[in-house]
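As structure tokens, the structure follows; a few thoughts come after it.
Bear in mind that the values in this text are calculations on the coordinates, not laboratory data. Note that the structure is a prediction, hence the values are computed from the model and not measured. Positions of Cβ are backbone-derived with ideal geometry, glycine not excepted, and every protein chain shown enters the neighbour counts.
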Amino acid sequence: MLVRTAPKDTDKPVSDTDARMNSTDSSMTENDNSMTENDNSMTVNDNSMTATTPRVRFAPSPTGYLHVGGLRTALYNALFARRYGGTLVLRIEDTDRSRYVEGAAENLATALAWAGIDFDEGPGIGGDHGPYVQSERAAMYAGHVTRLLDEGKAYHCFCTPEELDASRQRQIAAKRDAAYDRRCRSLSEADVRARLEAGHPYTVRLKVPLAGQLQLRDLIRGDITVFHDAIDDQVLMKSDGFPTYHLANVVDDHLMGITHVIRGEEWLPSTPKHVLLYEFFGWETPQFAHLPLLLNADRSKLSKRQGDVAVEDFRAKGILPEALVNFVALLGWNPGDDRELFTFDELAAAFSLDRVSKAGAVFDMEKLRWFNAQYLRALPADALTTLCAPWMREAGFDTADQARTETVAATFANYISLPSEIGAFIGFLVHDTVSLDNDTQRAAVTSEDGQRVLARFAERAAGLDAWERDGIKAMVKQVQQDTGVKGKGLFMPLRLAHSGEEHGPDLGIVCELLGREACLTRIHACLE
Ligand code: GLU
């Protein structure tokens, strides 16, 4: 399929007064259907791996936090690198100074390290292709811009923010897409020189061919054809001398030897500009793989408005890194069988881009909680206790006795998805009395059978040698024989008397945790 793509303005200023500093991030707002794909798309598979060892990168812009979609991108890059014995690079894309957030790069590094994403090269790690922070690479971009200007593949644009805005309004009024109207493209050389000498502020724009088309091949989305006239004359260098994302991204991917660009689908509309830049520079284009969007349950784009999206938020909630990674790995990729639980190494062994879907992946918080529950249960008792102890204390439980605290945490791990939830289960260990919620519960305790069971239990309990779970369980069996009451009739009054709950962990453990005296006090309270 070969369809003309709609021209899009990816050059919108960040603010009205800021047209010259326009940021590339506005490309995030571009419409998904600005491109069409070939349905007989080729997919990547292991054969698509060339002889060269892959070099991939995660290239976040430090906006203040790590979005869970960013974590997915970082993860897929990491898995791809591990799977094929390649190299994973971290590059900080911080050329948009208007969006600079103090400490954001450090936050990113912390969140990535917490999630267990290990980079081979990057800021603070080193490598042969540094510096790995774009704001430290200004000279490299300037040289490349000069080269494009010299070769007639880029041009100076002196339009003021007001002029750009007015032009955009005219385009919109004429029901045309609000791409730059290219007026500076036809300035004479002398005119340009005069303005430069007079110190007029300028940006540098990409001189997109006016006719023809380009092909781009996406390993997930297949072959895509884009007509040149659908591509805006993208700003490459802003009036502050900083490169835009597009230029810096392409120059760096080339200089850093990146073989595969694996990134979110929101960058797909920018890719034709990147392909053009590779062509203009005469560089080999890396392979592209654009990952499907993450969606809210209502299939809108995953947004903060509908819940947590920052890795830091999940961490603060008590989501374990292994659970988050496992969950995120399956947002857009599947192993081809029904396995769900994967360690990082297992993911790396199974991962391939040909099992990444084109369709958006719904972020299901319930599923994440399920993964977390699995990983919580699998934790060693001391690690589990470290996570749960603050919440146990908050519920009034005294955690001074480490062994007892560990037993309680391990006992209730099966009932919780988040450490914070443990508080709701241990109230009976904290309070001296239990209260029954409803008549059915009260009836179970006050019924004739219930009273007989409780009385017999109390008698036997007083004489039991050691107060521990197995002995207590054996004793309950004897109470059954003594009274002839079994099943629900036996267990319900005992459970309710001890914990005030109809369900819960093994009765032997509940009694052991409470201690003999507390058990007897509770039973007697129910007998009165
Ligand atoms: N800096 C871009 C971002 O924040 C990187 C996009 C890309 O990987 O090319 O997502």
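Distance between the 7 Å Cα→Cβ label points at Val362 and Ile125: 3.5 nm. Between Val101 and Trp467, the modelled labels are 5.3 nm apart [label points 7 Å from Cα along Cα→Cβ]. For the chain, the relative contact order comes to 15 percent (Cα pairs under 8 Å, sequence separation of at least 6). Any chance you could check the Cα centroid distance between the stretch 357-402 and the stretch 94-133 for me, in angstrom? Result: 28 Å between the Cα centres. In terms of other Cβ atoms within 10 Å, Lys317, Lys207, Lys175 run from fewest to most in the order Lys175, Lys317, Lys207. Counting lysine pairs in the stretch 357-507 that sit 8 or more residues apart in sequence, or on different chains, and whose Cα atoms lie under 22 Å apart gives 5. Residue order for Thr446, Thr385, fewest other beta carbons within 10 angstrom first, comes to Thr446, Thr385. Straight-line cross-link reach from Lys207 at under 20 Å between alpha-carbon atoms covers these lysines, not counting any fewer than eight positions away in the same chain: Lys8, Lys12, Lys153, Lys238, Lys273. Can you tell me what share of the DSSP beta bridges in the chain is antiparallel? A percent to the nearest 5 is fine. Of those bridges, close to 55 percent are antiparallel.
Taking every DSSP helix (H) stretch of at least 4 residues in the chain, weighting each as -39,500 (n - 2.57) and dividing the sum by the residue count yields a mean residue ellipticity at 222 nm of -12500 deg cm²/dmol.
Just grab the label-to-label distance for Leu210 and His503, each label 7 Å out from Cα along the Cβ direction, in nm (one decimal). According to this spin-label approximation, the distance is 7.3 nm.
Tell me the relative contact order for the stretch 257-325 as a rounded percent, counting alpha carbon contacts under 8 Å between residues six or more apart. Walk me through the numbers on the way to the answer.
Values: 45 pairs, mean separation 19.8, N = 69.
So the answer I get is 29 percent.
Going from the residue with the fewest nearby Cβ atoms within 10 Å to the one with the most, Ser167, Ser188, Ser303 rank Ser188, Ser303, Ser167.
Its relative contact order, with pairs defined as Cα atoms under 8 Å and 6+ residues apart, puts the stretch 150-208 at 59 percent.
Going by a ≥ b ≥ c, the root eigenvalues of the Cα gyration tensor, does the stretch 430-513 fall in the rounded group (a/c under 1.5), the prolate group (a/b larger than b/c) or the oblate group?
Working: a/c = 1.80, a/b = 1.20, b/c = 1.50.
Oblate.
Distant-in-sequence amide contacts of Met237, defined by a placed amide H-H separation under 5 Å and a gap of 5 or more residues or a different chain, comprise Val204, Thr244. The residues neighbouring Phe371, those whose beta-carbon lies less than 9 Å from its own, together hold a net charge of 0 under the Lys/Arg +1, Asp/Glu -1 convention.
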